[in-house]
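Report on the structure given below.
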Amino acid sequence: MQKLTIKNRQGEKIAVAVEAAESQRGLAFVMHGLGGFKEQPHIQTFARAFKNNGYTVVLFDATNSIAESDGKLEDATLTNYYEDLEDVIGWAGEQSFYEEPFILVGHSLGSMAIALYAEKYPQKVKALAPVSTVVSGELLEQTPDFKKIGQAWQEKGVREWESSSRPGVMKRLNWSHVLDIRKYNLLPQAGKLTMPVLLLVGDQDEVTPLEHQKLLYEKLPGRKELRIVKGAPHTFLAREHLEEVKEIMRRWVEGI
């Protein structure tokens, strides 16, 4: 694995990791969710499904997360995550391993970013795997999970909670995140997603629930799958869930 840092359009450092394939069958970019990082077990599980099938895989820590890139999580927005994705792909375009079309994989906020990218540049994307994806800011605010915290979050201007991937690490996120994500909705342009799409969600996901995934699934015009992991929450942590996700993604990759 090659680890390096690049600069985004704001001049901030982005930590990137490239797993180069010896005989490259394709190229995949894998993106974490809000406050995530490239070493998370589910992100690594997604990446392995591609590495094991001869793909070069590019992972990165978005700015304003809790990992090796610049910025603070409290300032995170979908806009900044999306722009980082564009900037990483732009950097990759100048590297020897780059090829189009490529595959995009993401989790949660990262899923929404990759889907927005595919709607904007459909000709560049061979296939798309949005896992536990945010479908729109409006739908996000309608979930029971958000309604529990939304009023207090708006009044305080900041939300605080404990990381599930790094127990003991407290996360903070400004209300400006909500104001930003309200501008985004995958559904109006979903007809542009003509490439193969894999939607994946846990049936216990209270953040981006199955009913939201079905709304997006219904609007996808091409080859599509909606796979449900029983007993799994928004972020896949249990070994059995990770194994199931890996197998689902492996079969999907092999069929592309």
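Any read-out appearing in this document is the output of simple, stated calculations on the displayed coordinates, not a laboratory observation. The structure presented is a predicted model; accordingly, all values stated were derived computationally and were not measured. Cβ: placed from backbone, ideal geometry, glycine included. Neighbour counts: every protein chain shown.
Tell me the GluC sites (Glu not before Pro) within the stretch 170-228 that lie in a loop according to DSSP and have at most 15 other beta-carbon atoms within 10 Å.
Details: sites: GLU206, GLU211, GLU218, GLU225; in loops: GLU206.
Counting only loop positions with at most 15 other Cβ atoms within 10 Å, the GluC sites (Glu not before Pro) in the stretch 170-228 are GLU206.
About its Cα centre, the dipole of the stretch 149-227 is roughly 360 debye, where the only charges are +1 on Lys and Arg Cβ and -1 on Asp and Glu Cβ. Trypsin sites (Lys or Arg not before Pro), restricted to the stretch 142-226: which are DSSP loop and have at most 14 other Cβ atoms within 10 Å? Loop-located and lightly packed - ARG182, LYS183, ARG223.
Its residues counted as N, the chain yields a C-alpha radius of gyration over 2.2 N^0.38 Å of 0.93. Along the charge dipole of the chain, pointing to its positive end and built from +1/-1 on Cβ of Lys, Arg, Asp and Glu, which listed residue (LEU179, GLN189, TYR82) has its Cα farthest out? Farthest towards the positive end: GLN189. Show log10 I(q)/I(0) for the stretch 159-215 at q = 0.15, 0.19, 0.31 Å⁻¹, two decimals, from a solvent-free Debye sum over equal Cα scatterers. Rounded to two decimals, the profile gives -0.73, -1.00, -1.15.
From the square roots a ≥ b ≥ c of the eigenvalues of the alpha-carbon gyration tensor of the stretch 1-134, which class results: rounded (a/c under 1.5), prolate (a/b over b/c), or oblate?
Details: a/c = 1.41, a/b = 1.31, b/c = 1.07.
Rounded shape, in that the Cα axes give a/c under 1.5.
Taking the Cα centre of the chain as origin and charging only Cβ (+1 Lys, Arg; -1 Asp, Glu), how large is the dipole, in debye to the nearest 20? Computed charge dipole of the chain: roughly 300 debye.
Within the stretch 8-39, the GluC sites (Glu not before Pro) that combine a DSSP coil assignment with at most 10 other C-beta atoms in a 10 angstrom radius are GLU22. Beta bridges from DSSP with both residues in the stretch 108-256: antiparallel share about 45 percent, rounded to the nearest 5.
Only Cα sites of the stretch 59-105 enter the Debye sum here, all with the same form factor; the resulting log10 I(q)/I(0) across q = 0.16, 0.18, 0.24, 0.27 1/Å is -0.49, -0.60, -0.89, -1.01, listed in q order. Legend: P(r) of the stretch 102-180 from all alpha carbon pair distances, 10 Å bins from 0, whole percents, reading 16, 38, 31, 14, 1. DSSP finds beta bridges in the chain, and of those with both partners inside it, around 40 percent are antiparallel.
Using only side-chain charges placed at the Cβ, +1 for Lys and Arg and -1 for Asp and Glu, the dipole size of the stretch 37-128 relative to its Cα centre rounds to 500 debye.
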